[in-house]
2 protein chains.
Amino acid sequence: MSFSPLIRQLIDAFRILPGVGQKTAQRMALQLLERDRSGGQRLAQALSQAMDGIGYCRSCRSLSEEEICHLCSDLRRDESLLCIVQGPMDVYAVEQTGYRGRYFVLKGHLSPLDGLGPETIGIPELLGRINQGAFREIILATNPTVEGEATAHYIAQILADQELLISRLAHGMPLGGELEMVDGGTLSHALAGRRPIQV
Amino acid sequence: MSFSPLIRQLIDAFRILPGVGQKTAQRMALQLLERDRSGGQRLAQALSQAMDGIGYCRSCRSLSEEEICHLCSDLRRDESLLCIVQGPMDVYAVEQTGYRGRYFVLKGHLSPLDGLGPETIGIPELLGRINQGAFREIILATNPTVEGEATAHYIAQILADQELLISRLAHGMPLGGELEMVDGGTLSHALAGRRPIQV
């Protein structure tokens with residue numbers, strides 16, 4: 001191996017990033033060293049500040065450097081809607097749609113075989129949050145996977161005795177998709193959930 | 001935009017990496033924050049150490065944290081061979097081939113229109129290095145592009161009056177290539193440079 005120890009250490013460190021293998025890590029390290037040292041320093045500082053400074057919002061449990069994140073402390077948002085997602089990344093995805101209610105972030109999904117029970121993923125905190133607020137509707141936006149569906153079903157059950165509208169993201173054809181490429185399950189949902197066209 | 005300031009800063013910082021756009025940068029930032037904070041800290045430290053600590057070898061001018069890099073200070077290497085390349089990345093590429101002579105790294109290639117003359121790319125230092133050593137052969141391993149060829153030609157000319165064997169990397173078919181896919185120029189070189197087969 002012909003890299004010097006510091007370069008080798010940098011290449012190894014880059015490999016922890018998702019989708020980065022040996023060749024990409026080499027290119028990243030050498031490009032920064034040759035062309036953008038100040039950018040590299042900025043990245044080092046941003047990383048260090050973020051890893052140290054970012055915790056979890058006490059209200060929605062999303063990633064935030066404040067005790068209460070900027071989404072939760074924004075008073076203009078709709079206090080009657082609560083959207084439940086599986087992770088912080090999902091908050092940003094839902095936020096792109098223009099949704100302006102509240103969020104609650106679970107720590108993943110239920111998976112009893114892996115030891116992930118209601119306590120581990122944050123169901124007690126979710127119930128606390130719901131009792132604290134004045135929600136009218138709870139939107140279950142867990143992933144449309146077996147585990148995500150099971151998690152949504154579990155939450156719907158424990159909330160059944162409360163006076164809340166509980167909804168789930170619609171299943172159906174993705175925009176721009178082709179009928180022949182869509183799996184049977186999705187197409188069944190799309191057919192069963194068909195909507196009258198208003199002309 | 002719904003990311004908190006520290007996360008946004010981290011995402012922006014990741015975008016300086018080659019091949020990393022907005023979506024990839026988001027995924028990198030959130031994955032480190034959610035799953036591998038210690039890895040993120042290691043990356044921050046490795047970056048900071050590398051950007052501060054790595055300079056250029058005084059002998060071959062490749063990237064190195066030592067004044068003389070480990071390739072130049074290795075006494076077992078062939079002192080009679082000098083391989084001239086356009087950048088540090090090329091040293092690692094040539095090193096993979098099993099070459100065990102010396103290196104000299106230019107700062108890119110000659111490009112008079114861009115103001116890159118012999119002084120800018122390090123020709124005076126190259127001549128100093130050649131006079132200092134006891135080389136028998138100089139291998140011109142600049143890229144097989146118009147600028148790389150011009151740079152190789154220029155160096156060959158100024159070394160013409162010295163008693164040195166000056167060679168250039170062979171052109172020809174890449175291994176695993178297909179005849180019909182190779183460009184005409186490469187095929188011409190491959191034909192002109194054909195070699196007798198020893199049976």
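Count Lys and Arg as plus one, Asp and Glu as minus one, and take only other residues whose Cβ is under 12 Å from that of residue B:3; the net charge is then -2. Phi-derived couplings, Karplus 6.51 cos²θ - 1.76 cosθ + 1.60 at θ = phi - 60°, listed residue by residue for region B:98-110: x, 4, 10, x, 9, 10, 9, 9, 6, 8, x, 10, 5 Hz, with x used for Gly and Pro.
Suppose R0 equals 22 Å. What FRET efficiency, 1/(1 + (r/R0)^6) with r the Cβ-Cβ distance, do residue B:107 and residue B:162 give to the nearest 0.05? Present the calculation step by step, with values, prior to reporting the outcome.
Details: r = 22 Å, r/R0 = 1.02.
The computed FRET efficiency comes out at 0.45.
Calculate how steeply helix A:5-14 sits against the longest principal axis of the alpha-carbon atoms of chain A, using the helix alpha-carbon long axis, and give the answer as 0 to 90 degrees to the nearest 10. Approximately 10 degrees, to the nearest 10. Placing a label point 7 Å from the Cα of residue A:175 along the Cα-to-Cβ direction, the residues of region A:78-94 whose backbone N falls under 16 Å from that point are A:93-94. Computed on region A:9-79, with alpha-carbon pairs under 8 angstrom and 6+ residues apart, the relative contact order is 14 percent.
Could you quote the convex hull projected area for the protein assembly as shown, Cα atoms only and averaged over all directions, in nm²?
31.4
Taking N as the number of residues in region A:5-53, what is its alpha-carbon radius of gyration divided by 2.2 N^0.38 Å?
Details: Rg = 11.0 Å, N = 49, 2.2 N^0.38 = 9.7 Å.
Normalised Cα radius of gyration, region A:5-53: 1.14.
Mean separation of Cα pairs under 8 Å and 6+ residues apart, divided by the residue count of chain B: what relative contact order is that in percent?
On the way: 215 pairs, mean separation 24.9, N = 199.
RCO, chain B: 13 percent.
In this view, the solvent-accessible surface of residue A:183, computed with a 1.4 Å probe and all protein chains in place, comes to about 90 Å².
What 222 nm value per residue comes from the helices of the protein assembly as shown, counting each DSSP H run with n ≥ 4 as -39,500 (n - 2.57) and dividing by all residues, nearest 500 deg cm²/dmol? It would help to have the intermediate numbers written out before the result.
Numbers: 16 runs with 172 residues, N = 398.
That calculation yields -13000 deg cm²/dmol at 222 nm.
Within the accessible area of region B:23-175, the carbon and sulfur atoms contribute 53%, probe 1.4 Å, all protein chains present.
Can you give the FRET efficiency to the nearest 0.05 for residue B:79 and residue A:45, using r as the Cβ-Cβ distance and R₀ = 45 Å?
Efficiency, from the Cβ-Cβ distance: 0.55.
Heavy-atom accessible surface of chain A, averaged per residue, reaches 56 Å², computed with a 1.4 Å probe.
A probe of 1.4 angstrom, applied to the heavy atoms of all protein chains, finds residue A:107 with accessible area near 100 square angstrom. Each peptide in B:168-178, A:12-22 receives the mean, over its residues, of other Cβ atoms within 10 Å, and ordering these scores from highest gives A:12-22, B:168-178. Against chain B, whose longest principal axis comes from its Cα atoms, helix B:22-35 is set at around 60 degrees. On full extension, the segment bounded by residue A:194 and residue A:127 gains 20.8 nm, given 0.36 nm per residue less the C-alpha separation. Chain B packed on chain A takes about 5100 Å² of accessible surface away from a 1.4 Å probe, both sides summed. The amide H of residue A:58, built 1.01 Å from its N in the peptide plane, has A:68, A:69 as neighbours under 5 Å, considering only residues 5 or more places off or on other chains. Nearest-to-axis residue in chain B, judged by Cβ distance to the rotation axis that brings B onto A and given in whole Å, is B:44, 2. What separates the residue A:115 label point from its copies, with the point 7 Å along Cα to Cβ, is 6.2 nm, written shortest first.
The values are calculated or read from the model by the stated rules, or taken from the named source; none is laboratory data. Note that the coordinates shown come from a computational prediction; the quantities given were computed from them, not determined experimentally. Note: ideal-geometry Cβ built from the backbone for every residue, glycine included; neighbour counts use all protein chains shown. Heavy atoms of the whole protein, side chains included, go into the accessibility calculation; ligands, DNA and RNA do not. Shrake-Rupley method; radii C 1.70, N 1.55, O 1.52, S 1.80 Å.
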